[in-house]
């Protein structure tokens, strides 16, 4: 499963669909995220240091969290008729110079 499949665009934010206890997948996503920044120690929720649950850009929601990473937060999902490929969408969500 790809990271992009684990988020839905809801209420203007990218919300994680795995809930609040999806430890392994959240760690895997964060390990591949060029925008990951560890949060303050007292804000960390997961034992694995590199995890979406421990990211400075994570904002808790009622059921999960939203990713507020600066590049991703400015994007809206591609329209169904969009000509963007998965690779182009990935490039748009990556920080400049990193993939």
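The values are calculated or read from the model by the stated rules, or taken from the named source; none is laboratory data. These numbers were taken from a predicted model, which means no experiment stands behind them. Cβ: placed from backbone, ideal geometry, glycine included. Neighbour counts: every protein chain shown.
Given 88, 24, which one is modelled with pLDDT under 95 and assigned to a helix (DSSP H, G or I)?
On the way: 24 fails: modelled with pLDDT under 95.
Of 88, 24, the one residue that is modelled with pLDDT under 95 and assigned to a helix (DSSP H, G or I) is 88.
Of all residues in the range 40-48, none satisfies being within 16 Å of residue 70 (Cα to Cα) and either in contact with a helix residue (DSSP H, G or I) (Cβ under 8 Å, 6 or more places away or on another chain) or at pLDDT below 95 (or both). Which of the residues belonging to the range 36-54 are over 17 Å from residue 5 (Cα atoms) and under 9 Å from the mean Cα position of the chain (by Cα)? 36, the sole residue that qualifies. The set of residues in the range 26-39 being within 13 Å of residue 65 (Cβ to Cβ) and surrounded by fewer than 18 Cβ atoms within 10 Å (Cβ to Cβ) consists of 39 alone. Taking the criterion of being assigned to a strand (DSSP E or B) and either more than 12 Å from the chain's Cα centre (by Cα) or modelled with pLDDT under 90 (or both), no residue of the range 65-79 qualifies.
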